Amino acid sequence: MPRFSPTVVDHFTNPRNIGQLAGANVRAFVGNPVCGDQILLTAHVRDGVVADLRFQAFGCSASLAVASLLTTVLKGEPINLAGDLDADRIEELTGGLAPDQRHVAALAADVAHRLADNFRSGVSDDDPITCAS
Amino acid sequence: MTIPSPAPPDLIYLDHAATAPLCEPARAAIRRGFDLFGNPSSRHGAGQAAHDALAEARAQVAALLGCTAEEVVFTGGGSEAINLALQGTFAARDWQGHLVTTAIEHSAVLESAAALSRRGVDVTVIGPEPSGHVDPARIAAALRPDTVLVSVMHANNETGALQPVDEITALAHDAGALTHVDAVQTAGKLPIDGLAADLVSISAHKFGGPKGVGALRLSARHTLEPLVYGGGQESGRRAGTENLLGVLGMAGAATYALEHLDNDLVRASARRLRKRLVEGLSVVGGVRLNAGYPVVPETVSVSFDGIRADTLADVLDMQGICVSTGSACHAGQDSPSHVLTAMGVPVEQAKATVRLSFGHGTTAADIDAVVAATVTAVDRLRQVSGTAVSGAS
């Protein structure tokens with residue numbers, strides 16, 4: 001049985017929307033600062049819609065895949081969608097995760113929620129990706 | 001020269017330190033064994049045919065180990081050979097005395113040493129130098145009048161660093177101690193028939209034989225207690241009906257290995273492939289080699305700043321390229337390699353380390369393909385993490 005679903009393979013071998021968005025008006029970070037999986041989203045939200053967003057991530061293959069997948073799901077959608085996503089929905093979108101990969105669905109849900117919350121609160125996270133050099 | 005069986009055509013297999021593809025001479029020997037169904041201990045013709053095949057195989061493995069046939073004990077693999085060497089030696093001495101080993105040994109040695117310690121054996125573990133090598137002077141300083149055994153690996157399974165095992169053996173012998181050399185990573189790559197150690201462990205699947213079979217070279221003057229009691233096979237040192245198919249496969253691989261062990265062209269080719277690999281990878285910048293010389297050319301431990309090794313290995317795997325993070329035995333574990341940690345490698349660098357280990361079937365074209373795929377993947381993963389690395393070209 002393959003270790004990864006085709007969707008997960010597609011996203012970690014060909015990640016979409018990499019980088020930090022210049023002119024972003026909301027930024028959200030989640031992750032384990034001790035070299036664990038980390039995801040940073042930078043987005044431009046206009047009229048309540050995610051007009052554009054980018055991600056940076058450091059972590060396992062599945063965490064990179066869900067971060068990339070998340071950007072494709074949220075782009076062009078109302079920012080409220082980010083607050084409504086949960087881990088089960090993200091796992092469904094990945095086409096399935098092995099038991100040892102399921103934590104990344106929760107990680108993706110956390111960063112999506114944080115993006116929505118930060119936008120609502122008018123705050124942004126700093127760029128905290130560490131352990132990458 | 002017989003050409004070993006290649007990996008499947010769509011794979012580039014650079015994980016020979018974990019296990020090597022079954023070579024054609026091993027396959028042929030195993031096929032021959034399918035008809036040898038008799039029990040080697042039986043008196044009848046079927047049993048004697050198996051007995052004779054076993055004796056022939058023992059002589060072939062003895063040639064690889066540089067000993068007499070009587071000094072070869074077949075085991076169920078490298079870990080069992082190592083455990084027999086360590087546990088068996090101290091069991092025969094009522095768990096008394098002192099063991100000296102190193103922090104970079106395979107877990108088969110370290111866990112066996114821990115078990116000995118629980119039984120009352122005094123254990124000293126020596127750390128390596130930052131180059132990945134063990135300083136013989138530090139071994140010498142650890143030797144005591146009650147030191148029974150010194151156990152040091154010939155080459156490290158993660159870094160390939162070659163250890164000064166004969167110098168260590170000389171020091172141990174001068175102090176009245178015996179030595180065990182874990183030659184699992186060098187058997188089939190380098191000559192091991194001249195090793196001065198009293199005990200030498202090998203594992204068939206690391207040099208083109210089947211899994212689940214290994215051997216311990218045991219000098220005549222060494223006494224040990226078996227791990228497995230029973231019918232008295234292996235001269236009472238390892239009971240159980242012999243794994244004839246496995247032993248025949250190991251013997252086939254040993255005979256093949258002996259054809260090229262001293263071949264300068266083969267060794268020069270391995271060094272050229274290593275150079276090609278290391279130079280090719282260095283273009284991406286932020287690259288660190290984790291072992292100094294001397295080193296087994298076939299094993300390359302390399303770290304890439306700004307990436308996680310497990311992710312890189314997954315990306316390469318999706319392209320049909322098989323590499324390892326650290327050692328296969330530690331793959332899946334979250335803790336960094338005990339070998340790299342003992343060498344003083346920082347956690348971030350240890351977690352950014354992949355091991356690429358090639359073998360007889362590896363070509364320059366394979367190396368070039370791996371270099372190209374790795375450079376692209378590392379570059380992409382650094383983009384994903386937002387890591388800027390100086391020195392990339």
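The values are calculated or read from the model by the stated rules, or taken from the named source; none is laboratory data. Quick caveat: nothing in here was measured; it's all calculated off a predicted structure. Counting neighbours? That spans all protein chains shown, and the Cβs are built from the backbone with ideal geometry, glycine included.
Tell me yes or no: at least one residue of segment B:302-309 is more than 19 Å from B:Ser385 (Cβ to Cβ), buried (at least 18 other Cβ atoms within 10 Å of the Cβ) and more than 12 Å from chain A (Cβ to nearest Cβ).
Taking segment B:302-309 as the starting set, the residues that turn out to be more than 19 Å from B:Ser385 (Cβ to Cβ) are none.
No; the residues of segment B:302-309 include none that is more than 19 Å from B:Ser385 (Cβ to Cβ), buried (at least 18 other Cβ atoms within 10 Å of the Cβ) and more than 12 Å from chain A (Cβ to nearest Cβ).
State all residues of segment A:84-98 that are touching a residue at least 24 places away in the same chain (Cβ under 8 Å) and within 12 Å of the chain's Cα centre (by Cα); if no residue qualifies, say none.
Correct list: A:Leu85, A:Ile90.
Any idea which residue in segment B:28-54 is farthest from B:Ala183 (Cα to Cα), counting only those that are surrounded by 18 or more Cβ atoms within 10 Å (Cβ to Cβ) and not small (Gly, Ala, Ser)?
B:Leu36
Please work out if B:Arg380 is outside the structural domain of B:Tyr256 (by TED's automatic domain parsing) and within 23 Å of the chain's Cα centre (by Cα). Outline the logic, then answer.
Working: outside the structural domain of B:Tyr256 (by TED's automatic domain parsing): yes; within 23 Å of the chain's Cα centre (by Cα): no.
Against the criterion (outside the structural domain of B:Tyr256 (by TED's automatic domain parsing) and within 23 Å of the chain's Cα centre (by Cα)), B:Arg380 does not qualify.
Being surrounded by fewer than 18 Cβ atoms within 10 Å (Cβ to Cβ), under 20 Å from B:Val295 (Cβ atoms) and either at pLDDT 95 or above or within 14 Å of chain A (Cβ to nearest Cβ) (or both) is the filter here; which residues of segment B:324-341 pass it?
B:Thr341
Take segment B:19-35 and flag every residue that is closer than 24 Å to B:Gly47 by Cβ and among the charged types (D, E, K, R).
Within segment B:19-35, the subset closer than 24 Å to B:Gly47 by Cβ is B:26, B:28-35.
Correct list: B:Arg31, B:Arg32, B:Asp35.
Kindly provide the set of residues from segment B:109-157 that are surrounded by fewer than 19 Cβ atoms within 10 Å (Cβ to Cβ) and of a type in the set (S, T, N, Q), ordered by number.
B:Ser117, B:Thr124, B:Ser131
Return the residues of segment A:22-77 that are within 12 Å of chain B (Cβ to nearest Cβ) and either in a loop (DSSP other than H, G, I, E, B) or of a type in the set (Asp, Glu) (or both); say none if nothing qualifies.
From segment A:22-77, those within 12 Å of chain B (Cβ to nearest Cβ) are A:29, A:31-32, A:34-40, A:42, A:54-65, A:67-68, A:71; that's our starting set.
A:Asn32, A:Val34, A:Cys35, A:Gly36, A:Asp37, A:Gly59, A:Cys60, listed by residue number.
I'd like to verify a number: residues in segment B:355-392 that are outside any loop (DSSP other than H, G, I, E, B) and away from chain A (no Cβ under 14 Å), how many? Full working, then the answer.
Taking segment B:355-392 and keeping what is outside any loop (DSSP other than H, G, I, E, B), we get B:355-357, B:364-385.
Subsequent filtering for residues that are away from chain A (no Cβ under 14 Å) retains B:355-357, B:364-372, B:375.
Adding up the residues that qualify gives 13.
Which of the residues spanning segment B:44-73 are in a strand (DSSP E or B) and farther than 17 Å from B:Ala257 by Cβ?
First, the residues of segment B:44-73 that are in a strand (DSSP E or B): B:72-73.
Result: B:Val73, single match.
Restricting attention to segment B:87-108, does a residue exist that is in contact (Cβ under 8 Å) with a residue 24 or more places away in the chain, touching a His at 6+ places or on another chain (Cβ under 8 Å) and buried (at least 17 other Cβ atoms within 10 Å of the Cβ)?
yes
Out of the residues in segment A:1-10 that are touching a residue at least 60 places away in the same chain (Cβ under 8 Å) and within 11 Å of chain B (Cβ to nearest Cβ), state the one that is farthest from A:Lys75 (Cα to Cα). Lay out the reasoning, then the answer.
Within segment A:1-10, the first condition is being touching a residue at least 60 places away in the same chain (Cβ under 8 Å), and the residues that meet it are A:3-8.
Remaining after also requiring within 11 Å of chain B (Cβ to nearest Cβ): A:3-4, A:6, A:8.
Values: A:Arg3: 28, A:Phe4: 24, A:Pro6: 21, A:Val8: 18 Å.
If we take residues in segment A:1-10 being touching a residue at least 60 places away in the same chain (Cβ under 8 Å) and within 11 Å of chain B (Cβ to nearest Cβ), then A:Arg3 is farthest from A:Lys75 (Cα to Cα).
How many residues does segment B:1-42 contain that are among the polar types (S, T, N, Q) and at pLDDT below 95?
Of segment B:1-42, the ones among the polar types (S, T, N, Q) are B:2, B:5, B:19, B:39, B:41-42.
Now restrict to residues that are at pLDDT below 95: B:2, B:5.
Going through segment B:1-42 one residue at a time, the tally reaches 2.
Is there a residue being in a helix (DSSP H, G or I), under 28 Å from B:Lys351 (Cβ atoms), in contact with a helix residue (DSSP H, G or I) (Cβ under 7 Å, 6 or more places away or on another chain) and away from every other protein chain (no Cβ under 13 Å) anywhere in segment A:98-105? Reasoning before the result, please.
Of the residues in segment A:98-105, the ones in a helix (DSSP H, G or I) are A:99-101, A:103-105.
Now restrict to residues that are under 28 Å from B:Lys351 (Cβ atoms): A:99-101, A:103-105.
Those still in the list that are in contact with a helix residue (DSSP H, G or I) (Cβ under 7 Å, 6 or more places away or on another chain) too: A:101, A:104-105.
From what's left, away from every other protein chain (no Cβ under 13 Å): A:105.
Within segment A:98-105, one or more residues are in a helix (DSSP H, G or I), under 28 Å from B:Lys351 (Cβ atoms), in contact with a helix residue (DSSP H, G or I) (Cβ under 7 Å, 6 or more places away or on another chain) and away from every other protein chain (no Cβ under 13 Å).
Considering (1) touching a residue at least 24 places away in the same chain (Cβ under 8 Å); (2) surrounded by fewer than 17 Cβ atoms within 10 Å (Cβ to Cβ), say which one B:Tyr229 fails and leave the rest.
The single condition B:Tyr229 does not satisfy is (1).
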